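Here the structure is laid out as structure tokens; the discussion comes afterwards.
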Amino acid sequence: MAEAGTGFLEQLKSCIVWSWTYLWTLWFFIMLFLVYILRVPLKINDNLTTVSMFLNTLTPKFYVALTGTSSLISGLILIFEWWYFRKYGTSFIEQVSVSHLRPLLGGVDSSAPSAASAAGGDADANRQSVSECKVWRNPLNLFRGAEYNRYTWVTGREPLTYYDMNLSAQDHQTFFTCDTDHLRPADAIMQKAWRERNPQARISAAHEALELNECATAYILLAEEEATTIVEAEKLFKQALKAGEGCYRRSQQLQHHGAQYEAQHRRDTNVLVYIKRRLAMCARKLGRTREAVKMMRDLMKEFPLLSMFNIHENLLEALLELQAYADVQAVLAKYDDISLPKSATICYTAALLKARAVSDKFSPEAASRRGLSTAEMNAVEAIHRAVEFNPHVPKYLLEMKSLILPPEHILKRGDSEAIAYAFFHLQHWKRVEGALNLLHCTWEGTFRMIPYPLEKGHLFYPYPICTETADRELLPSFHEVSVYPKKELPFFILFTAGLCSFTAMLALLTHQFPELMGVFAKAFLSTLFAPLNFVMEKVESILPSSLWHQLTRI
């Protein structure tokens with residue numbers, strides 16, 4: 001019985017919701033008809049006469065104050081809506097309407113799946129969203145002491161956000177510490193140092209650890225944060241390499257003696273790979289590019305399974321500096337695979353190589369007359385593929401947006417990745433004659449192939465909607481984050497802007513021309529109510545007088 005009663009109530013509720021959803025017009029006219037019938041008992045005519053007399057006694061100053069207050073309130077709403085839209089990317093009024101009013105009016109809650117298959121689909125979508133919005137370590141990140149801090153000294157601006165530095169601290173604790181550090185005094189000190197928020201406290205802890213023992217991670221910290229030049233950082237990394245190799249050889253011999261030894265060997269491996277990679281980056285920054293390429297190749301051969309460091313992206317940039325395009329193509333053939341995760345470096349480097357074959361002779365006028373050749377078509381398709389993966393990069397390569405120092409972490413397909421790529425690869429695009437011209441002529445054509453990038457992609461998954469929020473956390477506040485797809489202004493911002501302007505104009509006109517505005521208001525109201533009066537007269541003429549008299553007596 002209880003289930004039957006519950007089912008009946010649910011059906012009754014659904015019927016009421018359906019009626020309010022589809023028959024609201026009929027309800028509206030019925031209410032108007034009832035109000036008109038009961039106008040005599042409710043004394044509506046007398047009340048309207050009283051209201052009209054009251055309004056006639058009001059001076060123009062009242063109307064100026066009324067319209068001015070309306071303009072002020074709508075202006076405040078406009079300012080709040082604009083601020084909310086700039087910060088959160090949506091309209092506050094629209095969000096409240098969808099979140100609170102829609103369920104009351106019978107809207108379906110999109111977060112509640114209606115079936116098991118829908119739940120499975122939502123789970124897959126969520127997993128995809130999480131994987132695409134994962135924050136990655138920037139393989140070409142700069143040195144804090146020698147580069148980021150120098151920028152702060154010159155400009156007074158902080159190039160790194162707290163969120164970015166906190167992620168780096170978590171990376172350091174993951175790669176450079178293990179459970180057995182408390183058994184070694186120097187490593188125990190460094191385990192605490194990586195958790196310190198104050199840079200001077202970290203540096204002091206590193207010096208304290210070095211007083212106890214030759215600690216590789218202490219040299220790493222000093223090279224990253226205390227060294228003010230790349231030369232100083234390289235010297236410290238060489239000392240770290242000497243200490244790190246010794247720890248690695250000792251742990252390699254003991255790695256099979258237990259889980260603790262295996263964890264320590266894993267830590268020592270991460271430390272050694274990190275040191276060698278940073279030494280290669282130092283050599284690249286100091287102009288010894290061939291030496292850097294050799295070090296990167298040796299590192300990739302020695303530790304082929306450690307793909308988390310993305311050393312191949314460092315190698316691609318160094319090979320492009322040497323203009324060794326055949327070697328670049330060989331690296332791309334290995335890493336530009338459908339089963340491997342993509343990056344802006346992979347996609348745009350592939351596009352650069354194909355553009356290089358045709359860009360020096362490319363002319364948009366000639367191409368429009370004769371059509372694109374096969375090589376030109378391949379280059380354009382490669383550019384479209386790269387732009388679909390990360391649509392923010394072309395504006396930096398074409399210098400339509402100013403570059404900033406890249407963050408220590410990037411979001412793939414986001415503005416942070418675009419900055420990191422363009423910061424190091426803009427010079428390589430400029431070196432290839434006509435490449436930027438070809439990019440300028442063709443990159444916007446990508447958006448015609450994917451009119452709804454958040455719903456359906458062409459060669460990749462739909463563009464993730466979480467990039468803007470994550471990039472705002474990764475990039476400094478003085479940088480204007482690139483947003484894709486470009487969001488249109490919500491309706492309520494446009495509505496409040498129009499309302500504010502209209503009421504302000506009415507307040508000004510009423511203050512300047514009170515009599516003329518009074519005449520205009522009366523004419524407007526009479527015109528507005530003319531159709532209603534016409535309908536009322538027709539109703540009175542159609543209905544029999546006796547029936548009308550009986551209805552009004554109810």
ask   = What nm value, rounded to one decimal, do you get for the distance between Leu516 and Lys192 when each label is placed 7 Å out toward the C-beta?
value = 8.1 nm
ask   = Where does each of Lys342, Lys61, Lys354, Lys334 land when they are ordered by accessible area, with a 1.4 Å probe and the largest first?
value = Lys61, Lys334, Lys354, Lys342
ask   = Which one of Gly244, Ala318, His265 is farthest out on the positive end of the charge dipole of the stretch 139-324, using unit charges on Cβ (Lys, Arg +1; Asp, Glu -1) and the Cα centre as origin?
value = Ala318
task = Could you let me know the centre-to-centre spacing of the stretch 296-375 and the stretch 436-476, using Cα atoms, in angstrom?
result = 20 Å
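Counting only protein chains, not ligands or nucleic acids, how are His256, His440 ordered by accessible area (probe 1.4 Å), most first? List each step's numbers first, then the result.
On the way: His256 155, His440 110 Å².
Ranking His256, His440 by accessible area, largest first, yields His256, His440.
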ask   = At Glu480 and Glu94, where each label point lies 7 Å from the Cα along Cα→Cβ, what is the point-to-point distance in nanometres?
value = 2.1 nm
inquiry  = At 1.4 Å probe radius, can you tell me the per residue accessible area of the stretch 335-488 in Å²?
reply    = 46 Å²
remark   = Of 356-362, 165-171, ordering from highest average Cβ density within 10 Å down gives 356-362, 165-171
task = Work out the charge dipole of the stretch 139-324 with +1 on the Cβ of Lys and Arg and -1 on the Cβ of Asp and Glu about the Cα centre, then indicate which of Leu299, Ser204, Tyr163 is farthest towards its positive end.
result = Leu299
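Where the only charges are on Cβ atoms (+1 Lys, Arg; -1 Asp, Glu), what is the dipole of the stretch 233-296 about its Cα centre, to the nearest 20 debye?
Details: 15 positive and 5 negative charges, 77 e Å.
For this selection, approximately 360 debye.
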key: Solvent-accessible surface ranking, highest first, for Arg184, Arg448 at 1.4 angstrom   = Arg448, Arg184
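Give me the net charge of Asp360's neighbourhood, meaning all other residues with Cβ under 14 Å from the Cβ of Asp360; Lys, Arg count +1, Asp, Glu -1. Let's see the in-between values first.
Working: positive: Lys354, Arg356, Lys361, Lys430, Arg431; negative: Glu376, Glu433.
Around Asp360, the surrounding residues sum to +3.
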Size of electric dipole in the stretch 139-324: Cβ of Lys, Arg +1 and of Asp, Glu -1, about Cα centre, debye, nearest 20 = 400 debye
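The values are calculated or read from the model by the stated rules, or taken from the named source; none is laboratory data. Predicted, not measured: the structure shown is a model, and the values here were computed from it. Because the Cβ atoms are built from the backbone with ideal geometry, glycine has one as well, and the counts that use them run over all protein chains shown. Only protein heavy atoms, including side chains, enter the accessible area calculation; ligands, DNA and RNA are left aside. Shrake-Rupley method; radii C 1.70, N 1.55, O 1.52, S 1.80 Å.
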